[in-house]
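Enquirer: Have a look at the structure that comes next, please.
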Amino acid sequence: MGFDKQQIDVNGLNIRYLSGGNDDPPLVLLHGVGDSAVDWSWVIPTLGTKHRVIAVDFPGSGDSAKPKREYSLEFLTEFLGNFLNALEIQRAVLVGNSLGGLIALRYALSNPERVPALVLVDSMGFSQVVNPILANLTLPWYGELAIAWSKTPLGAKQRAWSRAALLFANPLQVPNAWLAEQERLGLVPGFLEANLSILRSQLYVLGQKQIALEYLPKVEMPTLVVWGINDLVLPNYQAQDAVSRLKQGHLALIPNCGHLPQVERPELFTDALNQFLACHL
């Protein structure tokens, strides 16, 4: 597999993470809403040949603790700092996908001395525009009804395939392991409720709430923006707009690829990431 599954206590929460490699500075990989650290399992073995790699399940996600609470952006950003402290990591390259990208950006802006480089992968926060399929889930009762259906075995299977159609350019070529993980997650107690709270922290019916474009000129560290050209969740023009505002911005557009380049085009993703890190670390 090329990585180990580990657990750590972070402020009373039992947190699961995957780790591989051993060279510093480490790469800390952050997943998006409705996903888990498993999203990174297609790239950890390759990245681990040159770096220490850590992929964490956010609270409420994967196999981490799922307390009943509001999962705000502030809570998740604070958690990231506490997680790094618990592992005694002083400096780390943050690699965030979708909501994980917005959390990575927020943390890097507040703690620039701890983030030597930043990688934002199909990141939220660059425009109000988002696919209405996700925005509609934030409507009162609609998300709750979706949860009730997705908790059934048939509903969990349908949820996995629906997400594949939304998140991949080539849904029929989605790895079976990814589909199996999505189906499993739908049946994990507390997962869907926590992730609806996470979704509502950044989205409402008209789109994204917190737009970070005005803060991008303040980002000091080298930043790579990676985007699937065929992303149906967040259009790729958002990547180009973001890079134009960064002091040290670099853009990698991944062809024939949707919202999860690390799963759909792992070789192209790791090539772009390794080239960037070779120049900037």
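Enquirer: Hey, how many Å between the Cα centroid of the stretch 75-146 and the Cα centroid of the stretch 256-281?
Expert: Here the two parts' Cα centres lie 18 Å apart.
Enquirer: Springs between alpha-carbon pairs under 10 angstrom, Gaussian network model over the chain: which of ASP39, ASP63, ASP271 fluctuates most?
Expert: ASP271
Enquirer: Still on this structure: Determine, from the Cβ-Cβ distance of LEU206 and GLU70 and an R0 of 30 Å, the FRET efficiency 1/(1 + (r/R0)^6), rounded to the nearest 0.05.
Expert: Here the calculated transfer efficiency is 0.90.
Enquirer: For GLY207, enumerate residues with amide H under 5 Å from its amide H, sequence gap 5+ or separate chain, H modeled in the peptide plane.
Expert: It is none; the list stays empty.
Enquirer: What translational diffusion coefficient, to the nearest whole µm²/s, does the stretch 12-53 have by Stokes-Einstein, given a Kirkwood radius computed over alpha-carbon pairs, a temperature of 37 °C and 0.692 mPa s viscosity?
Expert: Values: Rh = 11.0 Å.
The estimated diffusion coefficient comes to 299 µm²/s.
Enquirer: Let me ask another. Could you name the lysines in cross-link range of LYS50, using Cα to Cα under 28 Å and dropping any fewer than eight places away on the same chain?
Expert: The qualifying lysines are LYS5, LYS247.
Enquirer: Could you give the C-alpha radius of gyration of the stretch 40-188 expressed as a fraction of 2.2 N^0.38 Å, taking N as the number of residues it contains? Don't jump to the answer; show the numbers that get you there.
Expert: Numbers: Rg = 16.7 Å, N = 149, 2.2 N^0.38 = 14.7 Å.
In units of the globular-protein estimate, the stretch 40-188 measures up at 1.14.
Enquirer: State the three equivalent ellipsoid semi-axes of the stretch 172-281, derived from the C-alpha gyration tensor as the square roots of 5 times its eigenvalues, in descending order and whole Å. Intermediate results must be reported in sequence, preceding the final value.
Expert: Numbers: eigenvalues 146, 88, 35 Å².
Taking √(5λ) for each Cα gyration eigenvalue gives 27, 21, 13 Å.
Enquirer: What percentage of the solvent-accessible surface of the chain, computed with a 1.4 Å probe over protein heavy atoms, is contributed by carbon and sulfur atoms?
Expert: Working: 6250 of 11470 Å².
Roughly 54 percent, rounded to a whole number.
Enquirer: Mind checking the full-extension length gain between LEU187 and ASN14? Use 0.36 nm per residue of separation minus the Cα-Cα distance, one decimal, nm.
Expert: On the way: separation 173, 0.36 × 173 = 62.28 nm, distance 1.91 nm.
Between LEU187 and ASN14, full extension yields an extra 60.4 nm.
Enquirer: Okay, moving on. Please compute the Cα-Cα pair-distance distribution of the stretch 1-123 with 10 Å bins starting at 0, giving whole percents from short to long.
Expert: Bin by bin from 0 Å, the calculated values are 14, 51, 32, 2.
Enquirer: Using Cα springs under 10 Å in a Gaussian network model of the chain, which residue among ALA86, ALA252, ALA65 shows the largest mean-square fluctuation?
Expert: Top of the fluctuation ranking is ALA86.
Enquirer: Related question: Once you charge only the Cβ atoms, +1 for Lys and Arg and -1 for Asp and Glu, what is the size of the charge dipole of the chain about its Cα centre, to the nearest 20 debye?
Expert: Values: 21 positive and 25 negative charges, 70 e Å.
Result for the chain is approximately 340 debye, rounded to the nearest 20.
Enquirer: When the Kirkwood radius is taken over all Cα pairs of the stretch 108-158, what Stokes-Einstein diffusion coefficient follows at 20 °C and 1.002 mPa s, in µm²/s?
Expert: Details: Rh = 14.3 Å.
Taking Rh from Cα pairs, D becomes 150 µm²/s.
Enquirer: Now a separate question. For the stretch 154-237, what number results from the quotient of the Cα radius of gyration and 2.2 N^0.38 Å?
Expert: So the Cα radius of gyration is 1.35 times the expected 2.2 N^0.38 Å.
Enquirer: For P(r) over Cα pairs in 5 Å bins from 0, in percent, several values are listed as (i) 1, 6, 13, 19, 21, 19, 13, 6, 2, 0; (ii) 1, 5, 8, 10, 11, 11, 11, 11, 10, 9, 6, 4, 3, 1, 0, 0; (iii) 1, 5, 11, 16, 19, 18, 15, 10, 5, 1, 0; flag the one computed from this structure.
Expert: Recomputing P(r) over Cα pairs in 5 Å bins from 0, in percent here picks out (i).
Enquirer: Taking only Cα atoms and a 10 Å spring cutoff, compute GNM fluctuations for the chain and point out the largest among ASP122, ASP241, ASP231.
Expert: With Cα springs under 10 Å in the chain, the top fluctuation among ASP122, ASP241, ASP231 is at ASP241.
The values are calculated or read from the model by the stated rules, or taken from the named source; none is laboratory data. Everything numeric in this text was worked out from a predicted model, so none of it was measured. We place every Cβ from the backbone using ideal geometry, glycine too, and count neighbours over all the protein chains shown. These accessible areas exclude ligands, DNA and RNA; they are computed on the full protein's heavy atoms, side chains included. Shrake-Rupley method; radii C 1.70, N 1.55, O 1.52, S 1.80 Å.
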